[in-house]
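The values are calculated or read from the model by the stated rules, or taken from the named source; none is laboratory data. These figures come from a predicted structure and were not determined experimentally. As a convention, Cβ positions derive from the backbone with ideal geometry for all residues, glycine included, and neighbour counts pool all protein chains shown.
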Amino acid sequence: MEKERNTLFFNFENTKAQLETIGLGKEVEYVKNYVSNKGMAILNTNLDFIWKWLLTNSAEYVGYRRQIIDNLRLKAVFKNDVDRTTADSILYGSENDFVYGALTTNETGLSNYGKVSVLLKTSFISERTSLMIENSFDYIYKQTKNKWAFGDPLPTGAMSSWDDKGLLATVKVSSSIKPSISDLEIDDLILQSGTDRSKDQFIEIHINGKIVKSNVEKLIFDKKHTTTFNRWQKLRYAELSRLLNVENR
């Protein structure tokens, strides 16, 4: 991890030096501090799972490998199963308990993974969370195109601890930093939900262990989605709103 952190610091300082030559040194620091202060972890899922997980305790929020091991779900189609488990193994070996999410600075999530966003309490996850500069499978696939071979260590500088998220984010979006960049512009650079998952742009978070009710800051529902709820979904939504911190945007 020390080598990873040293490379990240080098990349950040190099990025800052380059942008200072065109008068953007102040903006680099602003982006770094904005993400450091505003960044939170967000997950996306659906109403039915939220109900089972947070209200009836008949489901747990655990990672893909743990779900398969404990027979909580069926395997994904073969290619997706291979992609996910291969990426997990490259990153974490035999570890079975990582949950994946995204970094957000405006409480917006990745709707392609579910219409309900689950914002997490930083104090409950920061010590067990790492970040990757993009979707981990996409990152690994790109490295294979750069002649990286399975079994070799991945290039350093693409991951960070929770405390260094501002550095990682600034390096990621450096080419889009412009004079007087606004908070809204930074928000859009940090996370963009595309027309499908392949178009999503985000910084991936990896949380070691399960997510439990006490880890949840709030649930955020999409207004357009709630208007399509049937009678039973409306009742469940009303009960969630009564018992938990729920926003409808």
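Here Lys38, Lys32, Lys26 are screened, and the one residue that is closer than 22 Å to Trp162 by Cβ and surrounded by fewer than 19 Cβ atoms within 10 Å (Cβ to Cβ) is Lys38. Applying the criterion of being of a type in the set (Phe, Trp, Tyr) and within 13 Å of the chain's Cα centre (by Cα) to the residues of segment 93-133, the residue that is nearest to Lys32 (Cα to Cα) is Tyr100.
Restricting segment 187-211 to residues that are more than 13 Å from the chain's Cα centre (by Cα) and small (Gly, Ala, Ser), the residue that is farthest from Asp88 (Cα to Cα) is Gly194. Filtering segment 152-187 to residues that are of a type in the set (S, T, N, Q) and not in a helix (DSSP H, G or I) leaves Thr156, Ser160, Ser161, Ser180, Ser182.
Is one or more of the residues making up segment 174-186 at pLDDT 95 or above, basic (Lys, Arg), within 14 Å of the chain's Cα centre (by Cα) and under 19 Å from Val35 (Cβ atoms)?
Checked against the condition, which is being at pLDDT 95 or above, basic (Lys, Arg), within 14 Å of the chain's Cα centre (by Cα) and under 19 Å from Val35 (Cβ atoms), segment 174-186 yields no hits at all.
Within segment 24-53, residues that are without any contact (Cβ under 8 Å) to a residue 12 or more places away in the chain and over 16 Å from Ile190 (Cα atoms) reach partners that are among the aliphatic types (A, V, I, L, M) and in a helix (DSSP H, G or I) with beta carbons closer than 7 Å, at six or more positions or on different chains, in the pairs Gly25/Leu19.
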